[in-house]
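Asks: Take a look at this one; I'll ask things after.
The values are calculated or read from the model by the stated rules, or taken from the named source; none is laboratory data. The structure displayed is predicted, hence computed values, not measured ones. Here the Cβ positions follow ideal geometry from the backbone for every residue, glycine too, while neighbour counts run over all protein chains shown. Areas reflect the complete protein model, heavy atoms only, side chains present, ligands, DNA and RNA absent. Shrake-Rupley method; radii C 1.70, N 1.55, O 1.52, S 1.80 Å.
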Amino acid sequence: MNNFIKLTFTIALLAICSLQVMGQQYDLLIKGGHVIDAKNNIDEPLDIAIKGDKIALVQKSIEEDLATQVIDATGLFVSPGLIDIHTHNFYGLDKRGQYSNGYSAIHPDGFTLPYGVTTVVDAGGSGWRNFIQFKEQVIDRVRTRVFAMLNIVGHGMKGALYEQNLDDMDPKMAALVAKQFPDHIVGFKVAHYAGHQWQQIDRLVQAGELADIPVMVDFGGANPPLSLETLFMEKLRPGDIYTHIYGGGGFGRQALVDPAGRLRPFIKAAQERGIIFDVGHGGSSFAFKHAIPSMQQGIKPNTISTDSHMSSIMSGMKNMTNVMSKFLNIGMNMQEIIAASALKPAQVINHTELGHLSEGAIADIAILNVLEGNFGFTEKTGVGKMMGKYKIENELTIKSGKVVWDLNGLTAPLWDE
């Protein structure tokens, strides 16, 4: 009789558990967070339910009993997964490789997911000669979603001697490789070219036209500098990207503002024409003396990015949320910052399946906290400090429906309960 009772109890318990599981329509439920989603014009507290790797439901209130796991995001901002379109992730063991299979590039996961970044674009580390190595060595092996801006130089960003070689800037070969890997290559890049020639820009844009994708320019150095007006108004096409937008000045290229802090007269027209102004903070490509007056005169970045590499993460750049925090303190609001860190980058690289929280979209989500206090922000170590009242910190990152970073244990029960 005892065995019969035990069997009956076990069957009843299993039936109850089965009913509970059947009643749980969602895997994850984010409750009470302030959702910001520029694509859908959302800027209010809402709940978000996730099933598998997709966003299943976004509405004012969703019952907790419908989800296997509930995340309380009360008092926090809920954003689409952040997209950093200027990074250097082609890391490797070539001691002379720099950002192309070298020591200067970084493994992305440790510098993306903890800061709410689910997608990055490697900006020119690989060229048409070694993209396959980059794909097999990095893209196919990491958790972060990695796209590439293919360098117009065949060997990629391997250092000054390679990056000055016009003979290795082959638009046809670059376009052929881009067309071979359309799911991974989202544009072309030129960087660090020194001199008064325009061939590097012309060949870059030609590759973009052949493959029908945008290009990114990291303007090199020249004395006197090449004309930004010519670059913006004659060479680049609408949708092409100018990175390090708040750099320049002492690096052999013009800044957006003149030495008196006045915006150059063609800058607004260039942005209105459709040139994408990208932050690309880096280790020494961001100056408050350029950023603050530019923003005061109406030039905000279209896209916020880090230019993350071994030296920039150890200097004033640090990480994506630190860069976002600078803009929160110098005139952008959270809605603008999240749009420039998620939706707009997705649009620029033509991956509009990302960067928003629509029902049915890929469930990439960052849960952000805005701390208030007295914080210092530097351009680079020991140089150019600005004090600010606000600092953005990433609490939790969801990539394709899975929690991949949880700073303060929002998903964990107390150990003694």
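Asks: When all alpha-carbon pairs of the range 224-367 are counted, what percent fall beyond 28 Å?
Replies: 18
Asks: Could you let me know the centre-to-centre spacing of the range 295-338 and the range 174-243, using Cα atoms, in angstrom?
Replies: Centre-to-centre distance over Cα atoms comes out at 23 Å.
Asks: Here is a further query. Whole-Å semi-axes of the range 58-178's equivalent ellipsoid, largest first, each the root of 5 times a Cα gyration tensor eigenvalue?
Replies: 38, 14, 12
Asks: If one takes the longest principal axis of the Cα atoms in the chain, at what angle in degrees, from 0 to 90 and to the nearest 10, does the Cα axis of helix 2-23 lie?
Replies: Tilt of helix 2-23: around 40 degrees.
Asks: Then there is this: Just to be sure I follow: if Rg is taken over the C-alpha atoms of the range 149-231 and Rh is the Kirkwood radius over the same atoms, what is Rg/Rh?
Replies: Using Cα coordinates only, the ratio equals 0.96.
Asks: Given an 8 Å cut-off on Cα distances and at least 6 residues of separation, report the relative contact order of the chain as a percent.
Replies: For the chain, the relative contact order is 17 percent.
Asks: Determine the principal axes of the Cα atoms in the range 58-117, then give the extent along each, sorted from largest to smallest and rounded to whole angstroms.
Replies: In descending order, the Cα extents are 56, 21, 17 Å.
Asks: Using per-residue counts of other Cβ atoms within 10 Å, averaged over each peptide, order 294-306, 378-390 from highest down.
Replies: Ranked from most to least packed, the peptides come out as 294-306, 378-390.
Asks: Dipole magnitude of the chain about its Cα centre, charges +1 at Lys/Arg Cβ and -1 at Asp/Glu Cβ only, in debye to the nearest 20?
Replies: 960
Asks: Considering only DSSP beta bridges whose two residues both sit in the range 155-300, what percent are antiparallel, to the nearest 5?
Replies: 10
Asks: Run down the aspartates and glutamates and flag those whose C-alpha is under 19 Å from the C-alpha of Lys389, throwing out any fewer than 8 positions away in its chain.
Replies: Partners within reach: Glu336, Glu372, Glu379.
Asks: Next up: What 222 nm value per residue comes from the helices of the chain, counting each DSSP H run with n ≥ 4 as -39,500 (n - 2.57) and dividing by all residues, nearest 500 deg cm²/dmol?
Replies: It lands at -6000 deg cm²/dmol.
Asks: Given a 1.4 angstrom probe, I'd like the percentage of the accessible area of the chain that is carbon and sulfur, rounded to a whole number.
Replies: Answer for the chain is 53 percent, counting heavy atoms of protein chains only.
Asks: Now, a different point. What percentages make up the Cα-Cα pair-distance distribution of the chain when the bins are 10 Å wide from 0?
Replies: All Cα pairs, binned at 10 Å, distribute as 5, 22, 30, 23, 11, 5, 3, 1, 1, 0 percent.
Asks: In the neighborhood of Leu76, defined by Cβ-to-Cβ distances under 12 Å, what is the net charge if each Lys or Arg adds +1 and each Asp or Glu adds -1?
Replies: -2
Asks: Which residue fluctuates the most in the chain, going by a Gaussian network model with Cα springs under 10 Å, if the choices are Gly81, Gly247, Gly220?
Replies: The residue with the greatest mean-square fluctuation here is Gly220.
Asks: Shifting gears a bit: What pairs in Lys189/Lys344; Lys135/Lys158; Lys172/Lys344; Lys158/Lys326; Lys158/Lys179 have C-alpha atoms more than 26 Å from each other?
Replies: Lys172/Lys344; Lys158/Lys326
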